[in-house]
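Participant: Quick one: this structure, given as structure tokens, is what I'll be asking you about.
The values are calculated or read from the model by the stated rules, or taken from the named source; none is laboratory data. Treat the numbers as computed from the prediction; the structure is a model and nothing was measured. Cβ coordinates were reconstructed from backbone atoms using ideal geometry, including for glycine residues, and neighbour counts include every protein chain displayed. Only protein heavy atoms, including side chains, enter the accessible area calculation; ligands, DNA and RNA are left aside. Shrake-Rupley method; radii C 1.70, N 1.55, O 1.52, S 1.80 Å.
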Amino acid sequence: MRIIETTADLEVLVQELASAPYLALDTEFMRDSTYWPKLCLLQIASPDVAAIVDPLAPGLDLTPFFKLISDPAIVKVLHAGRQDIEIFWHKGRVIPDPLFDTQIVAMVCGFGEAASYETLARKIAHVEIDKSARFTDWARRPLTKRQLEYALADVTHLRVVYEKLSAELKRTGRESWVAEEIDALKSTELYALDPVQAWKRLKPRTANKRFLTALAAAAEWREREAQSRDVPRNRVLKDEVLLEIAANPPEDGEALERIRAVPKGFAASRQGKALMEAILAGKDRPVPELPDQGRRRHREPSPAAVDLLRTLLRLRAEEARVAPRLIANAEDIERLAAGDDEGVMALTGWRNEVFGKDAQALRSGKLSIALENGEAVVVELED
């Protein structure tokens, strides 16, 4: 097993991989007690070479690796790669491109909503992955033989999965079906972790200005505190505390202390005083807008109509062998049920061909769903 522990050895490896058509990539990291993920291992495999890079080795510089994965001539293959890409972005300011995410591609190749790597390895590469090492301490050295074997298997079998999924994607002509999802993974905004936008993680269900202003200020303060101390957000303050503060915005430290969810003595601490200053300063800022605040539905959707459209989505997704969530999400279904079609992605491109046009036809009475031999089927109605 090839383990890279020096910059010189990494440079040699990069030279060997420089002409590869693709690279299978994976990482092992720890995030239980930190805000930023602690990169513990990098696994790389080309069609002919496989190696493990130890980022924790003293003096190892990952610059050659980041230069390698920025090469536009090499396809970078990951499985459910969002967290891996986040690490690449924050460590090396690199987002792999071109990118091939096997979980996303599997969704249009008949493997369901969120096919795991173990499932794809079993069904495509015909191997069983030993998952017993998954939740071990990857930061502890030396790593065991079992850990190293598990880590390397995450890229060696990924080569087979990639090659077969890539061929199937080309055979079906569905490359464009996954392009939008892949492009979203390459957006730097996804990994920016901007404290100003931290309130959106809490998904508030009210447009109340007082609530949103206090929530945005408190969430921004917590995010900055967590980032600077490199601790998980909830180690600073739990989500429910921020929501209660937003529901009852305090005017001073005493009012903050009286909020039930706030830890006893917190208001008088350095952190409590800083949070109070942030909340008071936030009153003078513009009220943050909810993502759909500028768009009002014509009417609330009928629950029965939502259920019918969900059934149609499931039937059409099964017929096309595509994961339903890749075609339409819950918001799309609710907006279609309410007759609010503007901007609905399910009514564009291939999604419209698979589902969108039939959703409109069902809504207008040109299609129906019936039972045939105990199975739900789509029936086209005559004018």
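Participant: Given 20 °C and 1.002 mPa s, how large is the Stokes-Einstein diffusion coefficient of segment 303-380 in µm²/s, with Rh as the Kirkwood radius over Cα pairs?
Facilitator: Details: Rh = 12.3 Å.
The estimated diffusion coefficient comes to 174 µm²/s.
Participant: Based on the Cα gyration tensor of segment 1-73, what are the three equivalent ellipsoid semi-axes, each the root of five times an eigenvalue, rounded to whole Å and given largest first? Before the final figure, lay out the partial values.
Facilitator: Working: eigenvalues 92, 38, 26 Å².
Over the Cα atoms of segment 1-73, the semi-axes work out to 21, 14, 11 Å.
Participant: Determine ³J(HN,Hα), in whole Hz, for all residues of segment 309-323 in sequence, where each value follows from phi through the Karplus function 6.51 cos²θ - 1.76 cosθ + 1.60 and θ = phi - 60°; x replaces Gly and Pro.
Facilitator: 5, 5, 5, 4, 4, 4, 5, 5, 5, 5, 5, 8, 6, 10, 4
Participant: Work out from phi, with θ = phi - 60° and the Karplus expression 6.51 cos²θ - 1.76 cosθ + 1.60, the ³J(HN,Hα) of each residue of segment 30-40, listed in order in whole Hz, and give x for Gly and Pro.
Facilitator: Listing the rounded values in order: 10, 8, 5, 10, 9, 7, 7, x, 8, 6, 10 Hz.
Participant: Moving on. With a cut-off of 8 Å between alpha carbons and a minimum separation of six or more residues, what is the relative contact order of the chain in percent?
Facilitator: Numbers: 527 pairs, mean separation 48.5, N = 383.
So the answer I get is 13 percent.
Participant: For the chain, with the dipole built from +1 on Lys and Arg beta-carbon atoms and -1 on Asp and Glu ones, taken about the Cα centre, which of Tyr117, Leu42, Ala207 lies farthest toward the positive end?
Facilitator: Ala207
Participant: Filter the trypsin sites (Lys or Arg not before Pro) in segment 120-206 down to the DSSP loop ones having no more than 16 other Cβ atoms within 10 Å, then list what survives.
Facilitator: Arg134, Arg140, Lys186, Arg205
Participant: Select from segment 318-352 those trypsin sites (Lys or Arg not before Pro) which occupy a DSSP coil region and have at most 10 other Cβ atoms within 10 Å, ordered by residue number. If you can, show how the numbers build up before the last one.
Facilitator: Values: sites: Arg321, Arg325, Arg335, Arg351; in loops: Arg321.
When the trypsin sites (Lys or Arg not before Pro) of segment 318-352 are filtered for loop state and at most 10 Cβ neighbours within 10 Å, nothing remains.
Participant: In segment 67-104, which trypsin sites (Lys or Arg not before Pro) are in a loop and have at most 14 other Cβ atoms within 10 Å, using DSSP for the loop call?
Facilitator: Numbers: sites: Lys67, Lys76, Arg82, Lys91, Arg93; in loops: Arg93.
For trypsin sites (Lys or Arg not before Pro) across segment 67-104 that sit outside H, G, I, E and B with at most 14 neighbouring Cβ atoms in 10 Å, the list reads Arg93.
Participant: Kindly write out, for segment 223-232 in residue order, the coupling ³J(HN,Hα) from the Karplus curve 6.51 cos²θ - 1.76 cosθ + 1.60 (θ = phi - 60°), rounded to whole Hz, with x marking Gly and Pro.
Facilitator: So the Karplus estimates, Gly and Pro as x, are 5, 5, 5, 5, 5, 5, 8, 6, 10, x Hz.
Participant: Beyond 32 Å between alpha-carbons counts as too far, so tell me which of Lys38/Lys131; Lys186/Lys238; Lys123/Lys145; Lys164/Lys186; Lys164/Lys200 fall in that bin. Before the final figure, lay out the partial values.
Facilitator: Values: Lys38/Lys131 21 Å; Lys186/Lys238 30 Å; Lys123/Lys145 26 Å; Lys164/Lys186 23 Å; Lys164/Lys200 38 Å.
Exceeds cut-off: Lys164/Lys200.
Participant: Using only the alpha-carbon atoms, what does the chain span along each of its principal axes? Please give whole angstrom values in decreasing order.
Facilitator: Extents along the principal axes: 70, 63, 35 Å.
Participant: Roughly to the nearest percent, how much of the accessible area of the chain is carbon and sulfur, given a 1.4 Å probe?
Facilitator: Values: 9780 of 19930 Å².
Solvent-exposed carbon and sulfur of the chain make up 49 percent of the total.
Participant: Can you tell me the accessible area per residue over segment 318-383, all protein chains present, probe 1.4 angstrom, in square angstrom? Could you put the intermediate results ahead of the total?
Facilitator: Working: 3670 Å² over 66 residues.
That works out to 56 Å² for each residue.
Participant: Rounded to the nearest angstrom and ordered from largest down, what semi-axes does the equivalent ellipsoid of segment 36-182 get from its C-alpha gyration tensor (root of 5λ)?
Facilitator: In descending order the semi-axes read 26, 19, 13 Å.
Participant: For Val75, what residues show an amide H to amide H distance below 5 Å, using hydrogens built from the backbone and excluding near sequence neighbours?
Facilitator: Tyr22, Leu23
Participant: Hey, got the Cα dimensions of segment 249-383 along the principal axes, in Å, largest first?
Facilitator: Largest to smallest, the principal-axis extents are 71, 31, 25 Å.
Participant: To continue, here is another question. Compute the distance from the alpha-carbon center of segment 209-260 to that of segment 300-322, in whole Å.
Facilitator: 39 Å
Participant: Could you calculate, for segment 211-284, the ratio of the Cα radius of gyration to the Kirkwood radius, expressed as Rg to Rh? Provide the component values of the computation, followed by the final result.
Facilitator: On the way: Rg = 10.9 Å, Rh = 11.9 Å.
Taking Rg over the Kirkwood Rh, I get 0.91.
Participant: Taking GluC sites (Glu not before Pro) as exposed when DSSP calls them loop (any state but H, G, I, E, B) and at most 13 other Cβ atoms lie within 10 Å, what is the longest stretch of the chain free of them, the sites themselves excluded?
Facilitator: On the way: sites that count: Glu113, Glu128, Glu251, Glu289, Glu342, Glu382.
Here the longest run is 129-250.
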